[in-house]
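Let me begin by presenting the structure, written as C-alpha cells, before commenting on it.
The values are calculated or read from the model by the stated rules, or taken from the named source; none is laboratory data. All values derive from a computational prediction rather than experimental measurement. No Cβ is skipped: glycine too gets one built from the backbone with ideal geometry, and neighbour counts run over all protein chains shown. Heads up: the accessible areas ignore ligands, DNA and RNA and are worked out on the full protein's heavy atoms, side chains in. Shrake-Rupley method; radii C 1.70, N 1.55, O 1.52, S 1.80 Å.
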Amino acid sequence: MKEKGEEHQVSFTSLITDLDMKNIDENNIESLPILPLRNMCVFPNVILPISIKREKSVKLIRSVFSKDKILGVIAQRDENVEDPQFNDLYKEGTLVRVIRLLEMPDNSVTAIVEARRRFVLEEITKSKPFLVGKILMLPEEEFDENTRENIALKESIKDLSVQVITKSGTLPNEMTFEIKNSESFLHLLHFVCSNFPLKVKSKQRLLGIDSVEKRAYTLLQMLSDELQLLDIKNSIQSKARMEIDQQQKEYFLQQQIKAIKGELGDDEDSHLNKMKIAAKQKKWDKKMKEYFDEEIEKLDRLNPSSPDYSVGMTYLECLLKLPWNEYTKDKLDIKFAQKILDRDHFGIEKVKERILEYLSVLKMKGDMKSPIICLYGPPGVGKTSLGKSIAESLNRKYVRMSLGGLHDEAEIRGHRRTYIGSMPGRIIQGIQKAGSSNPVFVLDEIDKINSDFHGDPSSALLEVLDPEQNNNFHDNYLDVDYDLSKVLFIATANNLSAIPRPLLDRMELIEVNGYIQEEKVEIASHYLIPKQMENHGVPKKSFSISKSAIDKIIESYTRESGVRELDRKIAKLMRRAVKKIASDEEMPKVIKPENLQDFLDKEEYFRDTCDANEVCGVVTGLAWTAVGGEVLLIESALSKVKSGGKLSLTGNLGDVMKESAVLAMEYIKSHADELNINEELFDTRNVHIHVPEGAIPKDGPSAGITMTTALVSSFTGRKVKKHIAMTGEVTLQGKVLPVGGIKEKILAAKRAGVTTIILCEKNRRDIEDIKPEYLKGVKFEYVSNVKEVIDLALV
C-alpha cells in the first residue's frame, strides 16, 4: 500500500495564487498532526491531491478535516516502513490545509490540500491514534525577483523545464503552457519542484534549503543533469532503433541471398541436409541421436548471419567427425605381436610381456577394458617409440600427445562453447585424428605437466586415466559423455616423483631401465646402423662397423642410459663416410676402433676408473642419475687440530647426502673400539669429506656405506681394495638398507673396470632380474651391516 500524489499520473499540480488562511496565525503554531508520505514531497504555494490508504493516516485526515483542517506532511526515508516513527521521517516538512476530502470506492481517501509553509519537525509527542509532532516554523526569506540576475535565473529554469518536458515524453504538454505563463518566481520554482520526476531524496534536499536563490540554483543543476540523462537515453534508443532496422534489412537481404543460392544449389539448407545424412551413418545411441537432432533444429532456426550460427555449425561438425562406437578390429595373433615388438625394440621384456598378456586375455574373453600403463625410465630408452610398435602389433591406430609444459586444464577437457575460438580438448582431438574409438594413445612426458592459475591438468587427467570413470569422459566443449574405456593409454615419464600421487595410483607402472653395454651394441648393430645407412643412402655392403668399434663409440663418445646420443654419433659417422665415398676418397671396408677419429674426431669421454685406491680414505661409490649410472669417488682426509675436531663437507652435496656423512661419522664415534680407532683422534683431527666434480649437484642416501668406509680407512690407515665399488644406505645402528637404480649402477661399474660390487642383501632380487650374460666379470657381495662392508672393502 503506497500513498502518493496522483497528479503525476492524471494531471499536474496547480499553482496557488489567491488562497489564504485568515483565521490561523502560522507563526505561532508549535504542534501539528503529522501525515507521513511515501514517494512524495510537498512544496509551499501549490495545491495537490494526496491518496491515503493506511488506516492510521485515514483516521488522521478525517479528524483534521472535521476540525481546523491544518496538518503537517513529511516524506518517509524508507517507503517500505509501514508504521514510521521520528527516525523514519525527514526533518523538513510542509504545513498544509485540507480543502476537500473525497471518499474512494476502495475505502481509501483522497485529500485535496493547499501547501503553505515549511517547518522542521523537532520531536514526535504522540503516536496514537496518529502521529502528533512538535514543530518549528521556518521563516520565509525576503527575495527580490526583479534583479537582473534573478530574472535570468527564472528564464533559465523556464527554458530547461520546457526542454525536459519536450524530451521526456512522459510529462503532459499542458505543463509547458503553465510554466511559460508563470509570472511569480516562487510559484514557478515550487511548481517545477513538485511536478518534475526528481527522486524524493533530491526533492527533500530542495525543500530543506532556506535560501530561495540557492534553492533555485540547485534546481537548475538538477534539471541540467536530468536533461543530459534524457539526451543519453534518447541517443541509446535511437541507436537501438537503427540496429533493429539494420537487422531487419540484413534479414531480408539474407533471405534474398538464400533464394539465389537455392537456385544455384548452394544454400545453407543443403549443407544442413548433408549433415543430417551424415548423422544417419553414425553409430551413436538413441540418446545421442536425439541430442544431435535437437541441436541441428536449433541451428536451422538461426539466421546464418548470426555469430551463434557459425559456432553451432562448428560444434555439429565436431560431433560428426568423432568416431562414435567405431572400433578397429584387433589382430589377436600373439606370435605376430611378439615378432613386431622384437623387431622394433631390443630388451624391455617386461613391457612386451604385459602387452602380450593383454592381447591373450582379449583373445580369450573377446572384450575387456584397456589397461593404463606408465612406462618410466631414463631418456632415450625407447618409451615413446614403443607406443607405435604396440599399435602396429594390435592393428590399432596410433595417437601421441605431448604433455611437456602443459599448464592449462582446458587443454585436456576443452573450452566451453561460450568462449570465442573454443575447441575440444586434446584427448577428443586425438580421437578425431585417429578415426577410431580404440587407438593406442601415448601420453608423452606425463611428469612434465605444470599447474598455474589456469588449473591443474594432472587433476583433469584423473578422469581420463581411471578405468572406472573414463567410459563417461566429459569434455567441456562436447558437453556430452564420450567412452574412452577401449582406448589403450600408455603414459611415459622420466621421474615418478614429479607425478601427483592420485594420478600415479591409476596407472600400472612398468620400469624401462637403461641399456647396459652389451644391449647397446646389439641395438646399434641390428637397428641404428641399418636405419642410418638407409637414411644417408649408403650402398649396401660398401662398408661395415666392427663390434669393437661400436664398443668404442659407446664408451668414448656417449654417456647416457638410452641410445639417442649413440644414434646421433652413428649418423655423424655415416655423413663422413658418405662424403668420402662421394669424393672417391679411400674408405676402409671395416671401420675399426683406430679409424674412429677420422669419422668422429677426438674422444669426448674417458672411461671411469676406480684405480684411485692407492691412498687411504678414497672409496669408489655408485650413483644413479637421470641419464644412467655413474661412478662416484668419495674422498676423506684428516688434518691435525689442537682440540675440537670438526666435520667439513664439500662437493655440492644435497641435504640427504650431508646427513649420510653425519650418520657415518656418528656411527664411527660410537663404535670406535670395535673398529680399532683411537678415540683421541676425534678431538685432535678435523675431518674433510669431498666428492669430486663439485659443479654437479649430488644427493641421495646411497653413498652412506661408501662414506663410512672412506672415514674408517682414513682413521685406521687401511687402504681400500682395488677394483671394488659399493652402494647402500646406512643407519645410525650400522644397518645397510637397499637402494634403487641397481642395473644402471652395474653398467657404470663395468665401464669403470670394477670387479666386485658390495650391495645390501635386499638388493639381491634386483640382480636376479638381470640376464646372467650381462653380469659376467662382476662379483657381488651382499651385506646386512657396515662391519661386513669394512671387512670386505679394506685391506
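Starting from the range 664-692, take each residue that is modelled with pLDDT of 85 or more and outside any loop (DSSP other than H, G, I, E, B) and list its partners that are of a type in the set (D, E, K, R) and buried (at least 17 other Cβ atoms within 10 Å of the Cβ), counting only C-beta distances under 9 angstrom and pairs at least six apart or across chains. From the range 664-692, the pairs are HIS688/GLU635; ILE689/GLU635; HIS690/GLU635. Out of the residues in the range 173-218 that are closer than 15 Å to PHE143 by Cβ and of a type in the set (Phe, Trp, Tyr), state the one that is surrounded by the most Cβ atoms within 10 Å (Cβ to Cβ). Residue satisfying both the conditions and the ranking: PHE185.
Here ASP466 does not fit the description of being in a helix (DSSP H, G or I), in contact (Cβ under 8 Å) with a residue 24 or more places away in the chain and of a type outside the set (Val, Ile, Thr). When residues in the range 57-78 are screened for being among the charged types (D, E, K, R) and under 21 Å from GLU122 (Cα atoms), 2 of them pass.
Checking the range 421-432 against the condition returns a match, with at least one residue being open to solvent by 50 Å² or more (accessible area, probe 1.4 Å) and in a loop (DSSP other than H, G, I, E, B).
When GLN469 is tested against (1) closer than 21 Å to LYS383 by Cα; (2) out of contact with any strand residue (DSSP E or B) (no Cβ under 8 Å at 6 or more places or on another chain), just one condition goes unmet, and that condition is (1).
The residues of the range 71-124 that are of a type in the set (Val, Ile, Thr) and out of contact with any Asp or Glu (no Cβ under 9 Å at 6 or more places or on another chain), listed by number, are VAL73, THR94, ILE112, VAL113, ILE124.
Checking each residue in the range 269-321 for being farther than 27 Å from GLN255 by Cα and either in contact with a Gly (Cβ under 8 Å, 6 or more places away or on another chain) or surrounded by fewer than 13 Cβ atoms within 10 Å (Cβ to Cβ) (or both) picks out LYS280, GLN281, LYS283, ASP285, LYS286, LYS287, GLU290.
Within the range 381-399, the residues that satisfy the criterion of being open to solvent by 10 Å² or more (accessible area, probe 1.4 Å) and part of a loop (DSSP other than H, G, I, E, B) are GLY382, ASN395, ARG396, LYS397. At least 1 residues being at pLDDT below 85 and surrounded by fewer than 19 Cβ atoms within 10 Å (Cβ to Cβ) is the threshold, and among the helices (runs of 4 or more DSSP H) wholly inside the range 718-795 those reaching it are 764-768.
Of all residues in the range 122-149, those being assigned to a strand (DSSP E or B) and open to solvent by less than 70 Å² (accessible area, probe 1.4 Å) number 5. Note on the range 508-582: no enclosed helices (runs of 4 or more DSSP H) hold 2 or more residues that are at pLDDT below 85, on the phi > 0 side of the Ramachandran plot and open to solvent by 60 Å² or more (accessible area, probe 1.4 Å).
Conditions tested, residue by residue: (1) open to solvent by less than 10 Å² (accessible area, probe 1.4 Å); (2) in contact (Cβ under 8 Å) with a residue 40 or more places away in the chain; (3) of a type outside the set (Asp, Glu).
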site	(1), (2), (3)
ASN27	no, yes, yes
GLU30	no, yes, no
LEU37	yes, no, yes
ILE47	no, yes, yes
LYS53	no, yes, yes
LYS59	no, yes, yes
VAL64	yes, no, yes
LYS67	no, no, yes
VAL73	yes, yes, yes
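Of the residues that sit in the range 433-451 and are of a type in the set (A, V, I, L, M) and in a helix (DSSP H, G or I), which one is nearest to SER385 (Cα to Cα)? Filtering first and then ranking leaves ILE446.
The criterion of being closer than 28 Å to PRO738 by Cβ, modelled with pLDDT of 85 or more and under 50 Å from the mean Cα position of the chain (by Cα) holds for GLY654.
Each row is one residue, and each column tells you yes or no for (1) assigned to a loop (DSSP other than H, G, I, E, B); (2) modelled with pLDDT of 90 or more; (3) hydrophobic (A, V, I, L, M, F, W, C).
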site	(1), (2), (3)
ASN80	yes, no, no
ASN107	yes, no, no
GLU114	no, no, no
ARG117	no, no, no
LYS158	no, no, no
VAL164	no, no, yes
THR170	yes, no, no
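Only one of the numbered conditions (1) of a type outside the set (A, V, I, L, M); (2) part of a helix (DSSP H, G or I); (3) open to solvent by less than 50 Å² (accessible area, probe 1.4 Å) is not met by PHE489, and that is (2). So, VAL351, is that one more than 24 Å from SER485 (Cβ to Cβ), open to solvent by less than 10 Å² (accessible area, probe 1.4 Å) and hydrophobic (A, V, I, L, M, F, W, C) or not? So VAL351 fails the test. Taking the listed residues PHE119, PHE86, the one that is buried (at least 18 other Cβ atoms within 10 Å of the Cβ), within 20 Å of LYS203 (Cα to Cα) and not acidic (Asp, Glu) is PHE119, with no other qualifying.
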